[in-house]
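Quick notes on the structure that follows.
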Amino acid sequence: MKTQIPRGQIIGTGSFIPNRILSNKDLECIVNTSDEWITQRTGIRERRICSKAGGETTTYMATEASLKALAMAGISPESLDMIVVGSVTSDRLFPSTGCMVQKELNAKNAAAFDISAGCSGFLYSLSMVNNAIRSGMCKNALVIGVERLSSIVNWQDRGTCVLLADGAGAVVVSSTTEHDGIMSTHLKSDGDMWDLLYASEGNSYTPELLNDMDQKPYHLKMAGNRVFKKAIRCLSSIAKEAMQYNSISSKDIALIIPHQANIRIIHGLAKSLHIPKEKAYTNIDKYGNTSSATIPIALDKANHKGLLKKGDHLLLVTFGAGLTWASSIVRWSMEVPKVPKIKST
């Protein structure tokens, strides 16, 4: 079936995960915590942290993920009309990570910029690109979620430092008039609750275990219990909104790809939607919370595992600082990928 108005469809996925692993046991040497405490409350067993020696900047991670997504899509950087990056940890205040990635890819024909929406940055960016495609302004776009959260962690706050990690994910989105693709996106925010999750000035302590790491002059603060309760309500509400908009039920959802913030939030969301928790894809145990990068990383990993079948309805849903939250229903259009070899930058 074809539609008159074009929509975006994902034709390539990619991700980049830093080499350095920081386990829960390692964190026992940094703050007063334990492997058991972290695992039971968050579902996280280890996470990845960038290093200066590895050259793992925000731009580098975003570029590496993008190269993989472009290779899978089979299109050149010159074919891109837009590059949109969701991030709150760019290498510089300006220019944007989008422009820096454009330079690295030599994507000369693309308009490039960033979106700051906390952990919702990727879905906000995906919505922006899909709307540009629907309006006829864009045919091919690169959407990236990337974070170097280790640079804004307060390593003396055990309530947050055990959660956060680094990584990047990217998707290539192309215009289509077929039935498959991004069926809808839904965005919400509540600035009255900004102080539940925000960046505060000051950040000077670096654990000896992580001395090969850049830090920014501010750190993340979070009211954990209040964020937890708000997250489940908002995620459930906007997920139901997306399903109702597309006239589909929970039974029609093949897989949920949720923001990887906390395993209890993910299971709570699945329960509220009457979807078996086995249908919620998770990799939080290996990669932790990479903010705007969690959904595109999870999407790429699920794609490579062959978990995404052509025609499947996927529910993408997220919640982050702002407060912001978002959802999208995607009717998957790709066959199981044959991944080509690519050259790193």
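None of the figures in this text is laboratory data; all of them are computed from the coordinates on show. In this text, all values refer to a predicted model and were calculated from it rather than measured experimentally. Please note: Cβ atoms are built from the backbone with ideal geometry, for glycine as well, and neighbour counts cover all protein chains shown.
Touching a residue at least 60 places away in the same chain (Cβ under 8 Å), assigned to a helix (DSSP H, G or I) and under 27 Å from N109 (Cβ atoms) - does that describe any residue in the range 25-48?
no
Taking the condition of being surrounded by fewer than 24 Cβ atoms within 10 Å (Cβ to Cβ) and under 26 Å from G43 (Cβ atoms), how many residues in the range 165-185 meet it?
Final tally of qualifying residues: 0.
Could you please find all residues in the range 132-149 being in contact with a Cys (Cβ under 8 Å, 6 or more places away or on another chain) and surrounded by fewer than 24 Cβ atoms within 10 Å (Cβ to Cβ)? Lay out the reasoning, then the answer.
Just the residues of the range 132-149 that are in contact with a Cys (Cβ under 8 Å, 6 or more places away or on another chain), to begin with: 132, 148.
Hit for the range 132-149 is A132, nothing else.
Kindly indicate the residue of the range 1-24 that is within 20 Å of G54 (Cβ to Cβ), touching a residue at least 60 places away in the same chain (Cβ under 8 Å) and of a type in the set (A, V, I, L, M) and also surrounded by the fewest Cβ atoms within 10 Å (Cβ to Cβ) among those meeting that condition. Spell out how you get there, then give the answer.
Residues of the range 1-24 within 20 Å of G54 (Cβ to Cβ): 14-23.
Remaining after also requiring touching a residue at least 60 places away in the same chain (Cβ under 8 Å): 14-18, 22.
Still in the running and of a type in the set (A, V, I, L, M): 17, 22.
Numbers: I17: 25, L22: 22.
In this case the residue turns out to be L22.
Does the range 298-324 hold any residues that are under 15 Å from the mean Cα position of the chain (by Cα), more than 19 Å from G167 (Cβ to Cβ) and not hydrophobic (A, V, I, L, M, F, W, C), and which are they?
If the condition is that a residue be under 15 Å from the mean Cα position of the chain (by Cα), more than 19 Å from G167 (Cβ to Cβ) and not hydrophobic (A, V, I, L, M, F, W, C), then T324 is the only one that fits.
Which residues, counting only those in the range 155-169, are in a loop (DSSP other than H, G, I, E, B) and in contact with a strand residue (DSSP E or B) (Cβ under 7 Å, 6 or more places away or on another chain)?
Within the range 155-169, the subset in a loop (DSSP other than H, G, I, E, B) is 155-157, 162-163, 165.
Scanning the range 155-169 gives L163, A165.
Just to be sure, is K52 basic (K, R), assigned to a loop (DSSP other than H, G, I, E, B) and surrounded by fewer than 22 Cβ atoms within 10 Å (Cβ to Cβ)? Talk me through it step by step, then tell me what you get.
Values: basic (K, R): yes; assigned to a loop (DSSP other than H, G, I, E, B): yes; surrounded by fewer than 22 Cβ atoms within 10 Å (Cβ to Cβ): yes.
Yes.
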